[in-house]
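The values are calculated or read from the model by the stated rules, or taken from the named source; none is laboratory data. Quantities reported herein were computed from a predicted structural model and do not represent experimental measurements. As a convention, Cβ positions derive from the backbone with ideal geometry for all residues, glycine included, and neighbour counts pool all protein chains shown. Each accessible area value is taken on the protein alone, full model and side chains, heavy atoms only, with ligands, DNA and RNA left out. Shrake-Rupley method; radii C 1.70, N 1.55, O 1.52, S 1.80 Å.
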Amino acid sequence: QVQLVESGGGLVQAGGSLRLSCAASGRVFSIDEMGWYRQAPGKQREWVAVITSGGSTNYADSVKGRFTISRDNAKNVYLQMNSLKPEDTAVYYCNAVISPLTYWGRGTLVTVSS
């Protein structure tokens with residue numbers, strides 16, 4: 001079992017920055033990869049970024065060049081979000097994969113005003 005708690009969401013103006021954090025507990029040393037997803041009002045949850053246990057990263061085209069995912073140890077993963085746009089408004093969820101299972105946090109709300 002892995003428990004995930006996100007933090008760092010809030011209200012920011014377009015062009016601004018936020019840094020989301022995700023703290024993992026439990027079987028953290030068994031985690032294969034961690035990532036961020038988001039769900040905007042009325043839309044399906046979409047993938048944002050992923051970082052593997054080896055440190056490889058990948059990003060959705062919509063955030064590439066603006067968002068950076070990082071991991072400082074087996075327990076914490078971050079999402080640095082720069083040049084935010086109103087369309088980035090969503091609840092952001094952290095996830096952790098211990099194949100074949102996926103664990104989710106409860107999310108943190110990011111609102112970008114125009």
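Here is how the numbers come out for the structure above:
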| item | result |
| --- | --- |
| Only one of 79, 18, 11 that is within 15 Å of residue 109 (Cα to Cα), aliphatic (A, V, I, L, M) and surrounded by fewer than 15 Cβ atoms within 10 Å (Cβ to Cβ) | 11 |
| From the options 50, 2, residue that is more than 19 Å from residue 113 (Cβ to Cβ), at pLDDT below 95, among the β-branched types (Val, Ile, Thr) and open to solvent by less than 30 Å² (accessible area, probe 1.4 Å) | 2 |
| Matching residues, the stretch 66-89, being assigned to a strand (DSSP E or B) and not β-branched (Val, Ile, Thr) | 67, 70, 71, 76, 78, 79, 80, 81 |
| Index of the failed condition, residue 63 passing every other in (1) in a strand (DSSP E or B); (2) of a type outside the set (Ser, Thr, Tyr); (3) open to solvent by less than 20 Å² (accessible area, probe 1.4 Å) | (1) |
| Count - residues of the stretch 6-44 that are within 12 Å of the chain's Cα centre (by Cα) and part of a loop (DSSP other than H, G, I, E, B) | 2 |
| Selection from the stretch 78-103 of residues that are closer than 16 Å to residue 29 by Cα and touching a Leu at 6+ places or on another chain (Cβ under 9 Å) | 95, 96, 103 |
